[in-house]
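This report refers to the structure that appears directly beneath it.
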Amino acid sequence: MNDKSEGLYIPSLDGIRASAAFIVFVSHAGSEGVIPGLFGVTVFFFLSGYLITTLLRIEYERYKQISLRKFYLRRIFRILPPMYIVLAMMAILAVTGVVPSKMTWDGLLAQFAHLSNYYQIFFGETGIAPDTGAMWSLAVEEHFYLLFPLCLILLLRRFGRRRAAIILTGVCILVLAWRCALVQGFKVDPMYTRAATDARLDSILFGCIMALGMNPMLDAKSSVMSDRQWAVVLALAVVALVLSFVYREPLFREAIRYSVQGVALFPVFYCAVRFPHWSVFRWTEWRAVRSFGLISYTFYLCHQMSLKRAEHYLGNTLGSSIIGFVAAVAFSILMYLLVEKRMADWRRRLQAR
């Protein structure tokens, strides 16, 4: 979504997107116990909520309305083609026996219907297309954006953007309470609070709240803090994130940490967008990093496939991880050139109309 075809391009966010994709990759490459791969997904969620809500806010402030038809068409052009191509490719490899798999038709149907997160929660990854487990996060986003634009229209018309941000903050608190109840009262499997839409939608909402309440792209002049004060807040946010990784108490890990990370990401994103010239954020605008950010969506979709195929032939080694990374980047570049850019052209024409 962070591209010129949508009328909104923030270079530093391509860098953050690239770092999130790399975190997920390294974690799945055998470093789960050291690198918090799930945090990379949380970053994706926050980024998605911020960018999409910023676009919707701009549209509403310009035209006093939001076109639901255009919104859903943009989502279709942006999200579905790469996802369905990767999913169909892995399903064909599974059916033909090229890739060993216990895929079932109901598991594959759940993925095509964007229900893979709940399918994996209740039935595991065995029945889905091989090497596509990461697609659970796309299901969370699709569930969220199915209703969010309509809710946002109602909130903006009735309360205005600042009160809407406060109401959404209240929803985040309710989701936190729900997660705590799931962990303490219902004793659910940890997979539920990690992947269920009802337990993770606040990770997207935090980005939406920043887009409405204190948007560094649209409301920078109204900031109530100086640059130095933001630097202090940023440092505290980084400390909070580090603590969220190392503190292992079950209730905190499975329920509270997602809220802590969402709050801590607020100053990280705010400063990255408003102060990209700060030394701590300069890397986000390096050309190589931004280029990786552009292909990060397909990279996220195919990285497990590339890793598993490399490990199949070379074993779980550093060399296989490097080859898996290179293969995933090559495939993502090809997908970007042949599919994503064409879809972006269609979205641009839609936006122009």
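The table for this structure:
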read-out: Using θ = phi - 60° and Karplus 6.51 cos²θ - 1.76 cosθ + 1.60, couplings along the stretch 163-172 (whole Hz; Gly, Pro as x); value: 5, 4, 4, 5, 4, 5, 4, x, 5, 4
read-out: Projected label distance in nm at Trp286 and Ala220, using a 7 Å step from Cα toward the beta-carbon; value: 2.3
read-out: In nm, spacing of pseudo-spin labels at Gln65 and Ala240 (7 Å Cα→C-beta vector); value: 3.9
read-out: Simple Cβ-charge dipole of the chain, Lys/Arg +1 and Asp/Glu -1, about Cα centre, in debye nearest 20; value: 1280
read-out: Dipole magnitude (debye, nearest 20) for the stretch 165-231, charges at Cβ of Lys, Arg, Asp, Glu; value: 120
read-out: Neighbour-count ranking [beta-carbon atoms within 10 angstrom, fewest first] of Glu340, Glu32; value: Glu32, Glu340
read-out: Mean separation of Cα contacts under 8 Å, 6 or more apart, over the residue count of the stretch 7-135: relative contact order %; value: 16
read-out: The chain, helix-only ellipticity at 222 nm - DSSP H runs n ≥ 4, -39,500 (n - 2.57), divided by all residues, nearest 500; value: -24500 deg cm²/dmol
read-out: Relative contact order for the chain, counting Cα pairs under 8 Å that sit 6 or more residues apart, in percent; value: 27
read-out: Gaussian network model of the chain, springs between alpha carbon atoms under 10 Å - residue of Arg228, Arg253, Arg57 with greatest fluctuation; value: Arg228
read-out: Contour minus Cα-Cα distance for Trp278 and Leu251 (0.36 nm per residue); value: 6.1 nm
read-out: Descending Cα extents along the principal axes, the stretch 47-168, whole Å; value: 55, 27, 21
read-out: The stretch 155-252: proportion of alpha-carbon pairs further apart than 21 angstrom, %; value: 50
read-out: In Hz, Karplus ³J(HN,Hα) per residue of the stretch 271-284 (6.51, -1.76, 1.60; θ = phi - 60°; x = Gly, Pro); value: 5, 5, 7, 7, 10, x, 7, 4, 4, 5, 10, 4, 4, 5
read-out: Pairwise label distance in nanometres, Val232 with Asp106, each label 7 Å out on the Cα-Cβ vector; value: 5.8
read-out: Ranked His277, His143, His303, criterion: other C-beta atoms within 10 Å, fewest first; value: His277, His143, His303
read-out: Residue order, fewest to most beta carbons within 10 Å, for Val98, Val339, Val175, Val140; value: Val98, Val339, Val175, Val140
read-out: Charge dipole magnitude, Cβ of K and R +1, D and E -1 - the stretch 4-142, Cα centre, debye nearest 20; value: 620
read-out: Structure-derived log10 I(q)/I(0) by the Debye sum over Cα atoms at q = 0.09, 0.14 Å⁻¹: which label, when the choices are [x] -0.55, -1.16; [y] -0.49, -1.29; [z] -0.46, -1.15; value: [y]
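We did not get these values from a lab; they are worked out from the coordinates using the rules stated. Here the structure is a predicted model, which is why all the values come from computation and not from measurement. Virtual Cβ from ideal backbone geometry, glycine too; neighbours counted across all protein chains shown.
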